[in-house]
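First up is the structure itself, then whatever we jot down about it.
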Amino acid sequence: MSLPRIFLAGNPNSGKSTLFNALTGLHHKTANFPGVTVESLQAEIELRTVGQTILVDLPGTYSLYPQSQDEWVACQALVQAASEGLPTLVVVVVDAANLNRSMLLISQIQELGLAMQVVLNKCDRVASPGMKGVVQWFENEMKIKALVCDARKGLGLKEVSKAFDQRLSEAVHSEASNEPGNWATSWNQVFGQGLEAQNTASDAVRARHSAETIDRYRRINQSLKTCPLHETKAKAALPNGPDRVLLHPVGGILVFVAVMALMFQALFAWASYPMDFIENIMLWAGENLRQILEPHSPALSHLVTKGLMPGIGGVLVFVPQIFLLFLFLVLLEESGYMARVSYLMDRNLKRIGLNGKSIVPMLGGFACAVPAIAATRNIVSWKERLSTIMVLPLMSCSARLPVYALLIQFAVPEGYILGIFSLQGLTMMGLYLMGVVAAVLSALVMKFWIREKGPSYFMLEIPAYQWPVSRNLWQVPLRYCLNFVQGAGKVIVIVSLLLWVLASFGPGHKITETLTGKAPTPALEQSYAGVLGKALEPAIRPLGFDWKIGIALVTSFAAREVFVGTMATIYGLEGDPNEEGNQLRLKERMQKDTVEGSKEPLFNRAAVWSLLVFYAFALQCMSTVAATRQETRSWKWPLIQLFYLSALAYLASLAVYQWSL
Amino acid sequence: MPQREGSLDQAPMGVPLLIVRLDESDLSLKLMEMGCLPGEKLEIVHRASGGDPLAIKVMEYVLGLRSREAAAVWVSWGDTPLRNLWNPQEP
């Protein structure tokens, strides 16, 4: 039997997600792809009489006539619920300081005929005593139950769950009608097939919707006359004075660049401590496991310490950085700064065929392209949205960080400029910047090349500044880290197992004999992985890569972060087993390796620069390909994306290597 | 100040404006849903250099929009604001 559902609907910035987080804690899963702003999360909550209930946080929307993909998701869920006849409660979360505008959505949802509850949120901004009158007004005039809460401070949450319980149990016991109302039927005719159909909607339909909207607002204004709104004076939120600087055409951009610089500097400085800690724990655990397993089964010990552990360690080591990145993004978003950056950048982004709203996914792309691709859903124009998706993988995601960190050591000496800026840190910044520049240039190409029609809008609410909610500051990043470890973990474990098999066995060696120790493990060169790498070598030789790097390129096609694990596996396997006691760190082993037949180090400057550039540009991430496929609903765009980024990476690496030789 | 009328992208900043009408376009529905209705008061609170984008205060909140979108909104300003054309009986 399907559980009763509660949908949280409301305008963007109404505090819906804050209420959702406050009600559910960490016990929720993503109903869809997670994103920074555009997320559709669901969780099971326990209500006193109804019992297990699914709570769904729908994307924000201003009306039930959607214009963007995220709005469509929300509207479709509501309209479909109206025709399904399952016990459903729609909760409309309203920013109490913005009642007038929210009434449009309320009046539309009211006509769906679902059980309904209004939650007047953000009551810190409205003098509370007067709110009683507004609640009364909802019950008497609108015939809707309403209540007051402050999700940010966690005030009134008990009353909220109690009301949910009451409304839902009424809905369960009332006769559910499976007949969609007239309104839902006509909605389905226009939007049922998705947003594309709406673009071709006739002028007559559009005119009808406009007339309806005017009529609704006329009736809303009529009924609001009796609403004691004037008794609820809006308390001043944080002053908007900073906008003089933050929205200044020059000052605003300078501040934005400074915020970004601070973010990355902090990211590298703060995250390195927990990262080192995790790395050491993994080393320690690996060594202990080896000592325990080795006497019983050398093969199993080999599999675990050489195959699995480097792979798992490679995932876990990212967690602090991903947490910090998301913490920053939540801070920027919740304080209201992100909307201002979108506003500020729209003019420039429009010129390169993107949208002000592209900035949120682009910044999210520094963390991970997969949720960022989903976060493009609030961009109305399909062309701008598509361009954003296409260039997103050029933003250096956190999976590139360990690759950069490992390789930079070979290309740039340690040392400082002016005593504070580390050379290697600056190089890292340079690589990020290079990705951004490549994204801008690619967007320009897309602008002239993509032939997709559709309206282009930029209409964005600029919310009042507010302090971020402390709960969201740890919950959202933590949720993201868990998702990452689960998602990337699977891929990496599978790939590292596969790599271990390929690297441990070879043609001409009987697997059973190798496993039982009757035959020695083949040298890497003679293993399947080695054969594969050798086959690839002619193609990558001009970039300065040998067959071992070739193996890493192949394995890290699934996910870039596998590169480091692959290097660890390759150089772990290559080393003399007797040397294990004084285990050399990966870096030293890589440094000792030379180009075959010469004394030249394999990881020489030219080759390392070439490799860095390759990783900055190449689309080595199966999850991104899958996300693009899902969001564009075709194989055309992910394949184009894969092809152009691979070509870009290859040619750029070729140029760098040949030039710096 | 004498009575003036014009499109929102050309209107002065920091002056109370009254929405007279919206152009028939695919933008107008979205604008109305966001609160830009005939008869509604608004004010331009920020304008980027070159006039694009601009931020308006309408229905107690701030909305950022492009000048192309603002061009679809026809406003009046001055001493005696025009009456709401959609709703002549209400000022």
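The values are calculated or read from the model by the stated rules, or taken from the named source; none is laboratory data. It should be emphasised that the depicted structure is a prediction, and the values quoted were computed from it without experimental measurement. Please note: Cβ atoms are built from the backbone with ideal geometry, for glycine as well, and neighbour counts cover all protein chains shown.
I'd like the full set of residues that are farther than 16 Å from A:ASP243 by Cβ, at the interface with chain B (Cβ under 10 Å from one of its Cβ atoms) and under 21 Å from the mean Cα position of the chain (by Cα), limited to region A:341-360.
Answer for region A:341-360, where residues must be farther than 16 Å from A:ASP243 by Cβ, at the interface with chain B (Cβ under 10 Å from one of its Cβ atoms) and under 21 Å from the mean Cα position of the chain (by Cα): just A:ASN355.
May I ask you to list the residues in region A:436-468 that are crowded, with 20+ Cβ neighbours inside 10 Å and either more than 14 Å from every other protein chain (Cβ to nearest Cβ) or farther than 30 Å from B:LEU29 by Cα (or both)?
A:ALA438, A:ALA439, A:SER442, A:ALA443, A:MET446
Would it be correct to say that A:LYS143 is over 33 Å from the mean Cα position of the chain (by Cα), on the phi > 0 side of the Ramachandran plot and at pLDDT 75 or above?
Details: over 33 Å from the mean Cα position of the chain (by Cα): yes; on the phi > 0 side of the Ramachandran plot: yes; at pLDDT 75 or above: yes.
When the stated conditions are applied, A:LYS143 passes them.
Among the residues of region A:285-295, is there at least one that is away from every other protein chain (no Cβ under 14 Å), over 29 Å from A:PRO12 (Cα atoms) and of a type in the set (Gly, Ala, Ser)?
So far as region A:285-295 goes, yes, one or more of its residues are away from every other protein chain (no Cβ under 14 Å), over 29 Å from A:PRO12 (Cα atoms) and of a type in the set (Gly, Ala, Ser).
Quick one: count up the residues across region A:395-442 that are within 25 Å of A:PHE484 (Cβ to Cβ) and among the β-branched types (Val, Ile, Thr).
Of the residues in region A:395-442, 3 are within 25 Å of A:PHE484 (Cβ to Cβ) and among the β-branched types (Val, Ile, Thr).
Quick one: is B:GLY50 over 25 Å from B:GLY78 (Cβ atoms) and in a strand (DSSP E or B)? Before the answer, list the steps.
Values: over 25 Å from B:GLY78 (Cβ atoms): yes; in a strand (DSSP E or B): no.
So B:GLY50 does not fit the description; no.
Take the conditions within 13 Å of chain A (Cβ to nearest Cβ), surrounded by 15 or more Cβ atoms within 10 Å (Cβ to Cβ) and of a type in the set (S, T, N, Q) and apply them to B:SER49. Does it pass?
So B:SER49 does not fit the description; no.
Say whether the condition of being among the acidic types (Asp, Glu), assigned to a helix (DSSP H, G or I) and over 30 Å from A:PHE505 (Cβ atoms) is met by at least one residue in region A:284-296. Walk me through it before giving the result.
Initially, region A:284-296 is screened for residues among the acidic types (Asp, Glu), giving A:287, A:294.
Imposing the further condition that a residue be assigned to a helix (DSSP H, G or I) reduces the set to A:287.
Now narrow it down to the ones that are over 30 Å from A:PHE505 (Cβ atoms): none.
Within region A:284-296 (the criterion being among the acidic types (Asp, Glu), assigned to a helix (DSSP H, G or I) and over 30 Å from A:PHE505 (Cβ atoms)), the answer is no, since none of the residues qualifies.
Condition first: of a type in the set (Phe, Trp, Tyr) and over 35 Å from the mean Cα position of the chain (by Cα). Now tell me which residues in region A:521-570 satisfy that.
Of everything in region A:521-570, just one residue is of a type in the set (Phe, Trp, Tyr) and over 35 Å from the mean Cα position of the chain (by Cα), namely A:TYR528.
Determine whether region B:12-31 contains at least one residue that is more than 10 Å from every other protein chain (Cβ to nearest Cβ), part of a loop (DSSP other than H, G, I, E, B) and crowded, with 18+ Cβ neighbours inside 10 Å. Step through it out loud before you land on a result.
Of all residues in region B:12-31, those more than 10 Å from every other protein chain (Cβ to nearest Cβ) come to B:12-21, B:23.
Those still in the list that are part of a loop (DSSP other than H, G, I, E, B) too: B:12-16, B:23.
From what is left, the residues that are crowded, with 18+ Cβ neighbours inside 10 Å are none.
No: zero hits.
Please find, within region B:52-66, the residue that is farthest from the other protein chains (Cβ to nearest Cβ) out of those that are closer than 17 Å to A:LYS357 by Cα and surrounded by 19 or more Cβ atoms within 10 Å (Cβ to Cβ). I'd like the intermediate steps shown before the answer.
First pass over region B:52-66, keeping only residues closer than 17 Å to A:LYS357 by Cα: B:52-55, B:62-66.
Then drop every residue that is not surrounded by 19 or more Cβ atoms within 10 Å (Cβ to Cβ), which leaves B:53-55, B:62-66.
Values: B:PRO53: 5, B:LEU54: 9, B:ALA55: 6, B:VAL62: 4, B:LEU63: 6, B:GLY64: 4, B:LEU65: 5, B:ARG66: 5 Å.
Residue satisfying both the conditions and the ranking: B:LEU54.
Since A:ARG385 meets every condition but one in (1) within 14 Å of another protein chain (Cβ to nearest Cβ); (2) of a type in the set (Lys, Arg); (3) crowded, with 24+ Cβ neighbours inside 10 Å, which condition does it not meet?
(1)
If you check A:LEU120, A:LEU89, A:LEU147, which single one turns out to be surrounded by fewer than 23 Cβ atoms within 10 Å (Cβ to Cβ) and within 24 Å of A:THR53 (Cβ to Cβ)?
A:LEU147
Which one of the conditions (1) without any contact (Cβ under 8 Å) to a residue 40 or more places away in the chain; (2) of a type outside the set (S, T, N, Q); (3) under 23 Å from A:GLN67 (Cβ atoms) does A:GLU384 fail to meet, given that it meets all the rest?
(1)
Quick one: would you say A:VAL403 is in contact with an Asp or Glu (Cβ under 8 Å, 6 or more places away or on another chain), touching a residue at least 24 places away in the same chain (Cβ under 8 Å) and part of a helix (DSSP H, G or I)?
So A:VAL403 passes the test.
From the list B:GLY39, B:GLY35, which one is in a loop (DSSP other than H, G, I, E, B), closer than 23 Å to A:ALA207 by Cβ and at the interface with chain A (Cβ under 7 Å from one of its Cβ atoms)? Spell out how you get there, then give the answer.
Values: B:GLY39 fails: at the interface with chain A (Cβ under 7 Å from one of its Cβ atoms).
Only one candidate qualifies: B:GLY35.
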